[in-house]
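Trainee: What follows is a single structure, and I will ask about it in a moment.
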Amino acid sequence: MHIFWQANLFLLLGWLVLGSIAVQANQSQPVRTLYMPKSHSNSGNPFRTFYWDLANIALHPARSQCTNLELKEKQEWLSYERLRLQLKENKKMDIIWGVSSYVRETELQPIKIDLLKGLNGYRAIVVKKSRIEEFQNSNLTALQKYSVGSAYHWIDSKVLAANGFKVITFSDFNTMYPMLEHGRFGFASRGLDQLWDELSQAADQDIAPVPNLYFHYELPVYFFVRNDDKKLAACVRTGLLAAIADGSYQKLYDGVRSFKEGEKLLQQKGNTIIELVNPFSIAPYAN
């Protein structure tokens, strides 16, 4: 389905052999604390803890071939732009996750393994329930007649505008669905990785996805580290490839119901996928 990444297992085996030597040499090194964004780690919701859990799996010494690393959550909630700046400026931030863009991949170092296997690039059209029939069987031209709601700092806002949509922006995610209910814009475009979780939280609101109608554009989700932190980048990449190879990545992914529900929607018969162009991305999986 959709976008596939493939791990180079032969290269991984070589890294593991060389890394085992490095592990022995690193046993006496001091512990390095790695800071990550706050991530609902105590929520019990696998969707909200996925990236934190995945980083812990990938950076386990047996997979990353790196020792003396300790992950720690930041205690305060910060906007993504503040997180990006803290990472860039080395202010107690070492690893973040987010969608790819030219700016982010220039300012930071991406580990180019799509953490969601392309699922985030498929976008549901969420509307008021009373308007579902109005939107069904729409093509790109028909949908461009409606305004779309999106946060001002999301890359999606730029992508949608570049594809001819009038974008109504907001600053607080929590206002998105109430604004949709009150007719401030015609629809919202939401990733299939997050759709089920969001709609479960908004069950009392008069909104629903248009059945069998989706946008698609390149929107990979990566871990990012500082440009000069080559060692950590290698640890994360080696660990992710090992987690893919030993099945621990897939086990974690399969445990997130929101991802499974998104995959089910893509597999339904009669889907219409409207392809959009993302002019702000860099070709994924390049390294």
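Trainee: Scan LEU240, LEU276 and give me the residue that is surrounded by 14 or more Cβ atoms within 10 Å (Cβ to Cβ), closer than 16 Å to SER150 by Cβ and not assigned by TED's automatic domain parsing to the domain that holds TRP154.
Mentor: LEU276
Trainee: Tally time: how many residues in segment 236-287 are modelled with pLDDT of 95 or more, aliphatic (A, V, I, L, M) and within 27 Å of ALA162 (Cβ to Cβ)?
Mentor: Result for segment 236-287: 6.
Trainee: What are the pairs with Cβ atoms under 7 angstrom where one residue, in segment 150-162, is free of Cβ contacts under 8 Å to residues at least 40 places away in the same chain and the other, located anywhere, is exposed (fewer than 15 other Cβ atoms within 10 Å of the Cβ) and not in a helix (DSSP H, G or I)? Sequence gap at least six, or different chains.
Mentor: Hits for this filter: SER150/THR169; ALA151/THR169; ALA151/SER171; TYR152/THR169; TYR152/SER171; SER157/THR169.
Trainee: When you go through SER100, SER150, SER138, SER157 one by one, which is the residue that is in contact with a strand residue (DSSP E or B) (Cβ under 7 Å, 6 or more places away or on another chain), of a type in the set (Gly, Ala, Ser), farther than 27 Å from TYR249 by Cα and crowded, with 22+ Cβ neighbours inside 10 Å?
Mentor: Result of the check over SER100, SER150, SER138, SER157: SER150.
Trainee: Does at least one position in segment 21-32 carry a residue that is closer than 28 Å to TYR152 by Cα and either at pLDDT below 60 or aliphatic (A, V, I, L, M) (or both)?
Mentor: no
Trainee: Quick one: would you say PHE224 is in contact (Cβ under 8 Å) with a residue 40 or more places away in the chain and not assigned by TED's automatic domain parsing to the domain that holds GLU133?
Mentor: Against the criterion (in contact (Cβ under 8 Å) with a residue 40 or more places away in the chain and not assigned by TED's automatic domain parsing to the domain that holds GLU133), PHE224 qualifies.
Trainee: While we're here: Within the bounds of segment 258-270, is there any residue that is small (Gly, Ala, Ser) and surrounded by 13 or more Cβ atoms within 10 Å (Cβ to Cβ)?
Mentor: Initial filter on segment 258-270 (small (Gly, Ala, Ser)): 258, 262, 270.
Narrowing further to those that are surrounded by 13 or more Cβ atoms within 10 Å (Cβ to Cβ): 258, 262.
The answer is yes; a qualifying residue exists.
Trainee: If ILE113 meets every condition in (1) surrounded by fewer than 16 Cβ atoms within 10 Å (Cβ to Cβ); (2) in contact with a Lys or Arg (Cβ under 9 Å, 6 or more places away or on another chain); (3) touching a residue at least 60 places away in the same chain (Cβ under 8 Å) apart from one, which number is that one?
Mentor: Result: ILE113 fails condition (1) only.
Trainee: Which of the residues that make up segment 181-201 are buried (at least 17 other Cβ atoms within 10 Å of the Cβ) and either small (Gly, Ala, Ser) or in the same structural domain as ASN56 (by TED's automatic domain parsing) (or both)?
Mentor: GLY186, ALA188, SER189, GLY191
The values are calculated or read from the model by the stated rules, or taken from the named source; none is laboratory data. Only a predicted model underlies this, so the values are computations on that prediction, with no experimental measurement involved. So basically every Cβ, Gly included, is an ideal-geometry build from the backbone, and we count neighbours across all protein chains shown.
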